[in-house]
Amino acid sequence: MKKVTILDIAKAANVSKSTVSRVLNGTAAVASDKKRAVLDATDRLGFKPNVVARSLARGRSMTIGVLTQIIGSPFYDTIAQGVIAGLSGSGYSPIFVDGQWQQDEEVVGIRALLGRQVDGLVLIGGDVPAEEIVELCGDLPTVIVARQLPDDVHNCVFMDNVDGGFQATKHLIEHGHRDIAIIKGLAHHADALDRFAGYRQALKEAGIPVRDELVLDGDFSADSGVDAVEQMHHRGITFSAIFAANDMTAFGARLALSRLGIEVPGQVSLVGFDNQMESAYTTPPLTTMHQPARQMGAEATKAVLAMIDGEPFESRRYGGRLVVRESVSRLST
């Protein structure tokens, strides 16, 4: 069978060889339509970077590829810090790429890492389908962090987000709240969906119906927290508490409540998720679900290094821990 070359891909995608090279190596920005054409052509022709060849001198490249999301995001950067800490003293160095929460960019980033002949991969979050990860990575040691995928095909280190959403909402219910708003995360994001499922489960167990007007869309950003609170206020929706899908959203919600003259927790209680460092220093300090981000990053690194050496690894599920601070008060009746 003829080996597929970059020239073959360029002809199939109707682009130049240099464009194909930029897409596969992730070395420069490429228009989205051309990028999609190149990726479609590589899949159609069955082209795969050589992930088998290693440095001839050492047999290994001594590098670990790391796909992260939105470099600068406190949560993902904390996981990345755990990855770096886990590699300390191992002789391996990390190579980072940023998926930017865009599936095409994630695929380009993974291909770029594979093209650099990394010895293993740590994929932090992301939206690339499970089966496509298998096709891309083959038998290269790969661990997925902060995302749960089928155990029979992937090794994952993740948190139980359903339980986390349940704990956060239950805490508010135990303080007498029934009109509990939720500001969700990205609509397609598994963590956001799981946290919302935990919210609904807690309400159901307490015999509290889900009020559609208290379910607000968000995208894990502070802006979405501001927008959600302003939307409820303008629509005259009554609520005594908010569960925000992450701390950034909670920070935005807190700002909007302050602008409206609504006291936290005197008039509205607030719970976040992730336990970012800044959550302990807001006014008031934020009650939030702790997610062991750094620990998960270190555990993923430990796992991928073990897999490189031929040792087995089983997926690891972490439980969340509610960090109680000062943003929740008991609702007076």
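Quick notes on this structure:
- Every condition in (1) among the aliphatic types (A, V, I, L, M); (2) out of contact with any strand residue (DSSP E or B) (no Cβ under 6 Å at 6 or more places or on another chain); (3) not assigned by TED's automatic domain parsing to the domain that holds VAL268 is met by ILE173 except one, and the failing one is (3).
- Output for region 288-333, where each listed residue is of a type in the set (Lys, Arg), in a loop (DSSP other than H, G, I, E, B) and in contact with a strand residue (DSSP E or B) (Cβ under 8 Å, 6 or more places away or on another chain): ARG325
- Flag if ARG254 is surrounded by fewer than 19 Cβ atoms within 10 Å (Cβ to Cβ) and among the charged types (D, E, K, R): no
- If you go through region 136-154 and keep only what is on the phi < 0 side of the Ramachandran plot and modelled with pLDDT of 90 or more, you end up with LEU136, CYS137, LEU140, PRO141, THR142, VAL143, ILE144, VAL145.
- For THR287, the conditions (1) outside the structural domain of ALA241 (by TED's automatic domain parsing); (2) within 25 Å of the chain's Cα centre (by Cα); (3) hydroxyl-bearing (Ser, Thr, Tyr) are fulfilled apart from (1).
- Here the condition is being modelled with pLDDT of 90 or more and β-branched (Val, Ile, Thr); of ILE70, ILE79, it holds for ILE79 alone.
- For region 85-121, filtering for residues that are over 21 Å from GLU131 (Cβ atoms) and free of Cβ contacts under 8 Å to residues at least 40 places away in the same chain leaves 9.
- Flag set for GLU314, criterion: in contact (Cβ under 8 Å) with a residue 12 or more places away in the chain and surrounded by fewer than 16 Cβ atoms within 10 Å (Cβ to Cβ).
- Unmet criterion (only one of (1) modelled with pLDDT under 95; (2) not assigned by TED's automatic domain parsing to the domain that holds LEU149) for ALA256: (1)
- Restricting region 204-233 to residues that are under 19 Å from VAL162 (Cβ atoms) and touching a Gly at 6+ places or on another chain (Cβ under 9 Å), the residue that is modelled with the highest pLDDT: GLY218
- Filtered residues of region 174-198 (kept if surrounded by fewer than 19 Cβ atoms within 10 Å (Cβ to Cβ) and aliphatic (A, V, I, L, M)): LEU186, ALA187, ALA190, LEU193, ALA197
- Some residue of region 92-100 being modelled with pLDDT under 90 and not in a strand (DSSP E or B): yes
A quick yes/no check of all residues on (1) part of a loop (DSSP other than H, G, I, E, B); (2) surrounded by 23 or more Cβ atoms within 10 Å (Cβ to Cβ); (3) within 16 Å of the chain's Cα centre (by Cα):
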{"residue": "LEU123", "(1), (2), (3)": "no, yes, yes"}
{"residue": "LEU140", "(1), (2), (3)": "yes, no, no"}
{"residue": "VAL143", "(1), (2), (3)": "no, yes, yes"}
{"residue": "VAL162", "(1), (2), (3)": "no, no, yes"}
{"residue": "THR169", "(1), (2), (3)": "no, yes, no"}
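- Top-ranked residue of region 267-287 - restricted to ones that are out of contact with any His (no Cβ under 6 Å at 6 or more places or on another chain) and part of a loop (DSSP other than H, G, I, E, B), ranked as surrounded by the fewest Cβ atoms within 10 Å (Cβ to Cβ): THR283
- Taking the criterion of being closer than 14 Å to PHE239 by Cα and among the polar types (S, T, N, Q), the only residue of region 167-205 that qualifies is THR169.
The values are calculated or read from the model by the stated rules, or taken from the named source; none is laboratory data. Please read all numbers here as calculations on a predicted model, not as lab measurements. In this analysis, Cβ positions are derived from the backbone assuming ideal geometry, glycine residues included, and neighbour counts consider all displayed protein chains.
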